[in-house]
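**Student:** Please see the structure below; I have some questions.
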Amino acid sequence: MDKKHADTLLVEIAWEVCNQVGGIYTVIRSKVPSMIEKWDENYCLIGPYVHSRMPAEFEPVENEEDPFYQAAKQLRSFGYEVHYGYWLVSGKPRVVLLNPFSIYNKLNEVKYILWEHHGISSPEGDDLINQVIAFGHLVKLYFAELTLVTEKKIVGHFHEWMAGTAIPAIRRDNLQATTVFTTHATLLGRYLAMNDAHFYDHLPFYDWEKEAVNFNIETSVKIERAAAHGAHVFTTVSEVTARECASLLGRNPDLILPNGLNIERFTALHEFQNLHKEYKEKIHQFIMGHFFHSYSFDLDKTLYFFTSGRYEYKNKGFDLTLEALARLNWRMRQENMDMTVVMFFITKQPYHSINPSVLQSRAVMEEVRQDCKAIEKQVGERLFNEAAASGDIAMPNLNNFVDEYWRLRLRRTLQSWKSNHLPFVVTHNLVHDQYDDILSFLRTANLVNNWYDRVKIVYHPDFISPTNPLFGMEYGQFVRGCHLGIFPSYYEPWGYTPLESIASGVPAVTSDLSGFGDYILSNIPQHEEKGLYVVNRRYKSFDEAANQLTDQLYSFVKFARRERITQRNLVESSSETFDWKNLSVYYERAYDLALNYL
């Protein structure tokens, strides 16, 4: 360990430490091994103790020699609930968890101090705001104790507004610690992008305070601005978001910290092509159960496309993806192509239940499978006996080897399975079916799984997991079984979904309005040849972007199998660029800059 790392304590604070809520959890968790490699015992994370699932992620320990433990123990002696131990993830880092509810008896006083010292008022009855403010105060108290038990320099790295309330307090109390604040997406920017079709054009002209009041997020936005202005070093994840920060937070970021992944977790070496084939076969099983009761198509000439992420119809580019798919379908039909594209929309939406007809079709297909296996076994045994005993070398009639019972049973099962109705577009019964934007587009465009459509749609409004009765696999396995990920986001400060896709050896489409896409354009030459497609949305109209995406999808559909295999090899090897071992250097620069203030 070099002198900088030996003489400094690094504390990383995030609401999603041991608390999986969204993308920040992936950032923090995947980065841990590279941080431990550099900082070892001088690295610790702080998060909130806010749910009952903590024991599954956290192992409590005691270590009287550790200054992180000493500060936690001292804070606990004041009557606050403080936990110290290990986060049970790769790298097993030290972690301190603070229960915000343990200071609720002083919450009004804490909220008054926030208003008195920093001009941030907070509403009554907002549970999340209350928890965030209480957590921030405990973090400030923890830093105060940590400065008393160590002579080492202290760097506090805070992620997002929910961890940010401690920053202005640390600065005001002049604690001997330096602070770094990273916003992964401005809160106000996300709201504005969802509601303004010309968000990027209007960005320099927004009145941030007026808009924050308009969306009823004034307290959260003021906390974010206070953290951005109060931190010694202010950072964000991409150049795209940096422009947003300058306009909406009033400060230009000092550095850009691009996000990475622990690529080693995804590495399959020479096996990744075999894994693609294995998991593609599992998707085949779903497709047969979902479509083949109505009509069939050649699975050897079928490509699986997918998109996934938070349900933000415009921000995530679902609208652009659907428009491009409709145009692709028309083009493939016009050219009478014999290929089929099945597009999966994997996102979370409220639903009552899985559609019973979808479940029944899959169950009956499994019964067909079992009947066929029984017939196969019977025919195989009888064929062998006949071949061994007969003096005739001619191929016998296999129908003679099947009992009448199995013939009738298979026929009845097939009759009960076959149907005249179209395969369902959505696999679940949605709570707000009639208002769903994806379904509204598909119905208007008549892209509803007609037999003649070359593009089929499966809208799955839930996560994919091994317990899922429709797929029965991990999300990562599903990704590996697909051919292309489509993520042409309108608002995406970074974009983990396409990054996870390429890490699994699956080509992906992103956009120049996502941090990930912007990084590709700036750092990876000949990216399309490597399976990294970028849709130009910043200076293009929706129609132009839709045409470009359609062209990209059409070109991909026309690839020969060997070309797709070659591209999977290229995309898998290019994912090394985004390993934290390479990208953590940006974080080190931020910490070096912060240490200049001590």
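Read-outs throughout are calculated quantities, based only on the coordinates presented, and are distinct from any laboratory measurement. Computed from a prediction, not measured in an experiment: that's the story for all the values here. In this analysis, Cβ positions are derived from the backbone assuming ideal geometry, glycine residues included, and neighbour counts consider all displayed protein chains.
**Student:** Among Val89, Val455, which comes first, second and so on when ranked by fewest other beta-carbon atoms within 10 Å?
**Tutor:** In increasing order of surrounding Cβ atoms, one gets Val89, Val455.
**Student:** If you work out log10 I(q)/I(0) by the Debye sum over Cα atoms at q = 0.08 Å⁻¹ from the coordinates, which of (1) -0.58; (2) -0.64; (3) -0.77 do you get?
**Tutor:** From the options (1) -0.58; (2) -0.64; (3) -0.77, the structure gives (2).
**Student:** Note the full-extension length gain between Leu148 and Trp330 as 0.36 nm times their separation in residues minus their Cα-Cα distance, in nm to one decimal.
**Tutor:** Here the segment from Leu148 to Trp330 would lengthen by 58.6 nm.
**Student:** For Ser294, Ser489, Ser90, what ranking results if the residue with the fewest other Cβ atoms within 10 Å of its Cβ goes first?
**Tutor:** Arranged by neighbour count, lowest to highest, Ser294, Ser489, Ser90 become Ser90, Ser294, Ser489.
**Student:** I've got another one for you. Give the order of Lys73, Lys581, Lys530 when sorted by the count of other beta carbons within 10 angstrom, beginning with the fewest.
**Tutor:** Fewest to most other Cβ atoms nearby, the residues stand as Lys581, Lys73, Lys530.
**Student:** List the relative contact order of the stretch 230-388 as a percent without decimals, with contacts defined as Cα pairs under 8 Å and 6+ residues apart.
**Tutor:** So the answer I get is 19 percent.
**Student:** Residue-wise, which Karplus ³J(HN,Hα) couplings in Hz belong to the stretch 250-260, taking 6.51 cos²θ - 1.76 cosθ + 1.60, θ = phi - 60°, and x for glycine or proline?
**Tutor:** Listing the rounded values in order: x, 8, 6, x, 6, 8, 9, 10, x, 8, x Hz.
**Student:** Treat each spin label as a single point 7 Å out from the Cα along the C-beta direction, and report the Tyr311 to Leu570 distance in nm.
**Tutor:** That separation, rounded to one decimal, is 3.7 nm.
**Student:** Give me the net charge of Arg331's neighbourhood, meaning all other residues with Cβ under 11 Å from the Cβ of Arg331; Lys, Arg count +1, Asp, Glu -1.
**Tutor:** Once positives and negatives cancel, what remains is +2.
**Student:** In percent, what relative contact order does the stretch 358-415 have, based on Cα pairs under 8 Å that are 6 or more apart in sequence?
**Tutor:** Dividing the mean separation by the residue count of the stretch 358-415 yields 51 percent.
**Student:** Same structure, new question: Can you tell me how much longer the chain between Asp338 and Glu37 gets when fully stretched, taken as 0.36 nm per residue apart minus their C-alpha distance, in nm with one decimal?
**Tutor:** Gain on extension, Asp338 to Glu37, equals 103.2 nm.
**Student:** Starting from the amide H of Tyr351, placed 1.01 Å from N in the peptide plane, find each other amide H under 5 Å away whose residue is 5 or more places distant or on another chain.
**Tutor:** Val431
**Student:** Could you tally up the Lys pairs in the stretch 1-95 with alpha carbons closer than 21 Å? Skip any pair fewer than 8 positions apart unless they're on separate chains.
**Tutor:** 6
**Student:** Extending each Cα 7 Å along its Cβ direction at Ser522 and Tyr475, get the distance between those two points in nm, one decimal.
**Tutor:** A separation of 2.7 nm, rounded to one decimal place.
**Student:** Can I ask one more? Work out how much length Asn582 to Val448 would gain on full extension: take 0.36 nm times their residue separation and subtract the Cα-Cα distance, in nm to one decimal.
**Tutor:** My answer for the length gained is 43.8 nm.
**Student:** If you don't mind, another one. Using Cα centres only, tell me the gap between the stretch 122-161 and the stretch 79-97 in whole Å.
**Tutor:** Centre-to-centre (Cα) distance: 15 Å.
**Student:** So, one more: Evaluate E = 1/(1 + (r/R0)^6) for Asp403 and Ala363, where r is the Cβ-Cβ distance and R0 equals 25 Å; express this FRET efficiency to the nearest 0.05.
**Tutor:** Between Asp403 and Ala363 the formula returns 0.55.
**Student:** Also, quick follow-up: Charges at C-beta only: +1 for Lys and Arg, -1 for Asp and Glu. How large is the resulting dipole of the stretch 375-466 about its Cα centre, in Debye rounded to 20?
**Tutor:** Values: 10 positive and 11 negative charges, 48 e Å.
Dipole size: approximately 240 debye.
**Student:** Okay, next question. Applying the Karplus parametrisation 6.51 cos²θ - 1.76 cosθ + 1.60 with θ = phi - 60° to the phi angles of the stretch 516-531, what ³J(HN,Hα) value in whole Hz is obtained for each residue in order, glycine and proline being reported as x?
**Tutor:** Karplus-based 3J(HN,Hα) across the stretch 516-531 equals 5, x, 4, 5, 4, 4, 8, 10, 10, x, 6, 5, 5, 5, 9, x Hz.
**Student:** Shifting gears a bit: Using a Förster radius of 30 Å, what is the FRET efficiency between Thr467 and Glu109 based on their Cβ-Cβ separation? Nearest 0.05, please.
**Tutor:** Details: r = 45 Å, r/R0 = 1.52.
With a Förster radius of 30 Å, E is 0.10.
**Student:** If r is the Cβ-Cβ distance from Met395 to Glu281 and R0 is 35 Å, what FRET efficiency results, to the nearest 0.05?
**Tutor:** With R0 = 35 Å, the Cβ-Cβ based efficiency is 0.75.
**Student:** Using every alpha carbon pair in the stretch 358-415, what percent of pairs falls into each 10 Å bin from 0 up to the bin containing the largest distance?
**Tutor:** Per 10 Å bin, starting at zero, the Cα-Cα P(r) for the stretch 358-415 comes out as 21, 42, 23, 11, 3 percent.
**Student:** Further, regarding this structure: Using θ = phi - 60° and the Karplus relation 6.51 cos²θ - 1.76 cosθ + 1.60, list the HN-Hα couplings for the stretch 455-461 in order, rounded to whole Hz, with x at every Gly or Pro.
**Tutor:** Per residue, the Karplus-derived 3J(HN,Hα) values read 10, 9, 10, 10, 9, 10, x Hz.
**Student:** Continuing with this model, one more query. Toward the positive end of the charge dipole of the chain, about the Cα centre and with charges on Cβ (Lys, Arg +1; Asp, Glu -1), which of Thr219, Gly230, Gln70 goes farthest?
**Tutor:** The residue sitting farthest along the positive end of the dipole is Thr219.
**Student:** Please report how far the C-alpha centroid of the stretch 423-476 lies from that of the stretch 516-593, rounded to the nearest whole angstrom.
**Tutor:** Using only Cα atoms, the two centres lie 27 Å from each other.
**Student:** Now a separate question. Tell me which residues come under 5 Å, amide H to amide H, from His157 once H is placed; ignore anything under 5 positions away on its chain.
**Tutor:** Close amide H contacts, sequence-distant or interchain: Val11, Glu12, Ile13, Val180.
**Student:** Now for a separate question. What number, rounded to the nearest 500 deg cm²/dmol, is the helix-based mean residue ellipticity at 222 nm of the chain, given -39500 (n - 2.57) per DSSP H run of at least four residues and division by all its residues?
**Tutor:** Rounded to the nearest 500, the figure is -15000 deg cm²/dmol.
**Student:** Quick check: pseudo-label points 7 Å beyond the Cα along Cα→Cβ at Gln176 and Arg561, how many nm apart are they?
**Tutor:** 6.9 nm
**Student:** Which one of Val479, Ile283, Asn536 is farthest out on the positive end of the charge dipole of the chain, using unit charges on Cβ (Lys, Arg +1; Asp, Glu -1) and the Cα centre as origin?
**Tutor:** Sorting the options by dipole projection puts first Ile283.
**Student:** Going through the stretch 289-324, which trypsin sites (Lys or Arg not before Pro) have at most 15 other Cβ atoms within 10 Å and a DSSP loop state?
**Tutor:** Those satisfying the criteria are Arg310.
**Student:** Excluding same-chain residues fewer than 8 positions from Lys280, which lysines have a Cα within less than 16 Å of its Cα?
**Tutor:** The qualifying lysines are Lys301.
**Student:** Whose amide H sits under 5 Å from the amide H of Arg537, counting only residues 5 or more places off or on another chain, with H placed in the peptide plane?
**Tutor:** Hits under the 5 Å cutoff: Asp512, Leu513.
**Student:** Over the chain, calculate the relative contact order: mean separation of alpha carbon pairs under 8 Å at least 6 apart, over the residue count, as a percent.
**Tutor:** Over the chain, the number comes to 15 percent.
**Student:** In addition: Dipole of the stretch 139-295, Cα-centred, from +1 at each Lys and Arg C-beta and -1 at each Asp and Glu C-beta, to the nearest 20 debye?
**Tutor:** Dipole of the stretch 139-295, to the nearest 20 debye: 260 debye.
**Student:** Rounded to whole Å, give me the distance from the Cα center of the stretch 212-263 to that of the stretch 333-373.
**Tutor:** Cα centres, the stretch 212-263 to the stretch 333-373: 42 Å.
**Student:** In the chain, which longest range has no GluC sites (Glu not before Pro) that are both DSSP loop (not H, G, I, E or B) and surrounded by at most 13 other Cβ atoms within 10 Å?
**Tutor:** Excluding the exposed sites themselves, the longest stretch runs over 336-598.
**Student:** Shifting gears a bit: Using a cut-off of 16 Å between alpha-carbon atoms, which aspartates and glutamates can reach Lys210, once sequence neighbours fewer than 8 places away in the same chain are excluded?
**Tutor:** Candidates past the 8-residue exclusion: Asp196, Glu218, Glu224.
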